[in-house]
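Peer 1: Dropping a structure here in structure tokens format, bear with me for questions.
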Amino acid sequence: MISDATGYPDFIGRERLVAAIDAALAAPDVATTVARIEQALRQAIADPAIVLPGCVHEPITDHYARRELYRSARHGYSIVAMTWGPAQGTPLHDHDGLWCVEGVWQGALHITPYRMLESGDDGARFQPLPTLAGQRGSAGNLIPPDEFHVLRNASDSGIAISVHVYQRPMEHCTVFMPDPGRDGWYRRESRLMQTDTP
């Protein structure tokens with residue numbers, strides 16, 4: 001049994017998923033680590049022996065749900081399942097300087113990465129990059145300084161579920177809200193990242 005899993009929702013195959021992520025962390029550098037975690041997530045999504053807990057199939061009406069499934073006492077990483085109700089999404093945001101690997105477990109997501117072009121005291125200017133279609137079984141990563149993106153459920157009627165592995169718990173981030181009258185410029189807002197009860 002995993003000693004640092006107490007307090008998180010139990011689910012079938014959790015030990016398999018955690019063991020695969022732990023093994024990936026033995027890589028010699030960040031790029032190799034996240035590539036191996038991507039592979040581990042793709043395999044987990046396809047593995048019938050890993051079944052996420054029932055709570056992740058329950059959307060929340062007014063925001064996408066963030067439910068922490070596991071936090072490693074040994075390595076410090078966090079696994080969070082996100083449940084996206086129809087058309088729910090995020091504003092443009094960063095990842096607080098953390099690497100992250102994201103896999104689509106159910107449904108589909110639209111993922112739009114952004115490139116920061118300028119940054120100043122009064123905000124930042126971004127260029128949107130082509131939107132990616134994340135289908136079930138796909139996985140991708142963010143490695144700072146390339147950590148800016150927008151996620152949105154591709155469906156107007158069904159839910160989507162994604163699983164995110166963060167370098168350490170992501171407890172706050174910066175969101176960027178469009179600055180009216182300044183093309184491509186966004187105002188910064190600091191946000192605490194809430195988790196929803198499983």
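Peer 1: Could you tell me whether any residue of segment 122-139 is free of Cβ contacts under 8 Å to residues at least 60 places away in the same chain, crowded, with 16+ Cβ neighbours inside 10 Å and not in a loop (DSSP other than H, G, I, E, B)?
Peer 2: Scanning segment 122-139 turns up at least one residue that is free of Cβ contacts under 8 Å to residues at least 60 places away in the same chain, crowded, with 16+ Cβ neighbours inside 10 Å and not in a loop (DSSP other than H, G, I, E, B).
Peer 1: Could you please find all residues in segment 61-76 being surrounded by fewer than 20 Cβ atoms within 10 Å (Cβ to Cβ) and of a type in the set (A, V, I, L, M)?
Peer 2: Passing the criteria: only Ala73.
Peer 1: May I pose another question? What residue, of Ala19, Ala23, Ala35, is assigned to a helix (DSSP H, G or I), closer than 17 Å to Ser138 by Cβ and open to solvent by 30 Å² or more (accessible area, probe 1.4 Å)?
Peer 2: Ala35
Peer 1: Could you grab me the full set of residues in segment 155-165 that are touching a Phe, Trp or Tyr at 6+ places or on another chain (Cβ under 9 Å) and farther than 19 Å from Leu69 by Cα?
Peer 2: Hit for segment 155-165 is Ser155, nothing else.
Peer 1: Let me ask something additional. Mind listing just one residue for me: the one in segment 47-62 that is β-branched (Val, Ile, Thr) and out of contact with any helix residue (DSSP H, G or I) (no Cβ under 6 Å at 6 or more places or on another chain) and, of those, nearest to Val18 (Cα to Cα)?
Peer 2: Val51
Peer 1: Checking the structure you have, find out if any residue of segment 77-89 is open to solvent by less than 20 Å² (accessible area, probe 1.4 Å), in contact with a helix residue (DSSP H, G or I) (Cβ under 6 Å, 6 or more places away or on another chain) and not in a loop (DSSP other than H, G, I, E, B).
Peer 2: Taking every residue of segment 77-89 in turn, at least one turns out to be open to solvent by less than 20 Å² (accessible area, probe 1.4 Å), in contact with a helix residue (DSSP H, G or I) (Cβ under 6 Å, 6 or more places away or on another chain) and not in a loop (DSSP other than H, G, I, E, B).
Peer 1: Another question about this same structure. Only residues in segment 152-174 that are without any contact (Cβ under 8 Å) to a residue 12 or more places away in the chain and open to solvent by 10 Å² or more (accessible area, probe 1.4 Å) count as the first member; pair them with residues that are in a strand (DSSP E or B) and of a type in the set (Phe, Trp, Tyr), Cβ under 6 angstrom, at least 6 apart or cross-chain, and list the lot.
Peer 2: none
Peer 1: Listed residues Ala44, Ala49; which is more than 12 Å from the chain's Cα centre (by Cα), closer than 25 Å to Pro144 by Cβ and not in a strand (DSSP E or B)?
Peer 2: After applying the criteria, what remains is Ala44.
Peer 1: If you don't mind, there's one more thing I want to ask. What pairs come out if I take residues in segment 176-198 that are farther than 19 Å from Ala81 by Cβ and in a loop (DSSP other than H, G, I, E, B) and pair them with residues that are open to solvent by less than 80 Å² (accessible area, probe 1.4 Å) and among the hydrophobic types (A, V, I, L, M, F, W, C) whose C-beta lies under 9 Å away, six or more apart or interchain?
Peer 2: Once the first residue is farther than 19 Å from Ala81 by Cβ and in a loop (DSSP other than H, G, I, E, B) and sits in segment 176-198, its partners that are open to solvent by less than 80 Å² (accessible area, probe 1.4 Å) and among the hydrophobic types (A, V, I, L, M, F, W, C) give Asp179/Trp185; Gly184/Leu117; Gly184/Phe126.
Peer 1: Are any residues in segment 120-134 modelled with pLDDT under 95 and closer than 14 Å to Met177 by Cα, and if so, which ones?
Peer 2: Once the filter is applied, which keeps residues that are modelled with pLDDT under 95 and closer than 14 Å to Met177 by Cα, segment 120-134 yields Asp122, Gly123.
The values are calculated or read from the model by the stated rules, or taken from the named source; none is laboratory data. Being a predicted model, the structure only gives us computed values, none of them experimental. Reconstructed Cβ throughout: ideal geometry from the backbone, glycine too, with neighbour counts over all protein chains shown. Just so you know, the surface numbers come from the protein's heavy atoms only, side chains and all, with ligands and any DNA or RNA stripped out. Shrake-Rupley method; radii C 1.70, N 1.55, O 1.52, S 1.80 Å.
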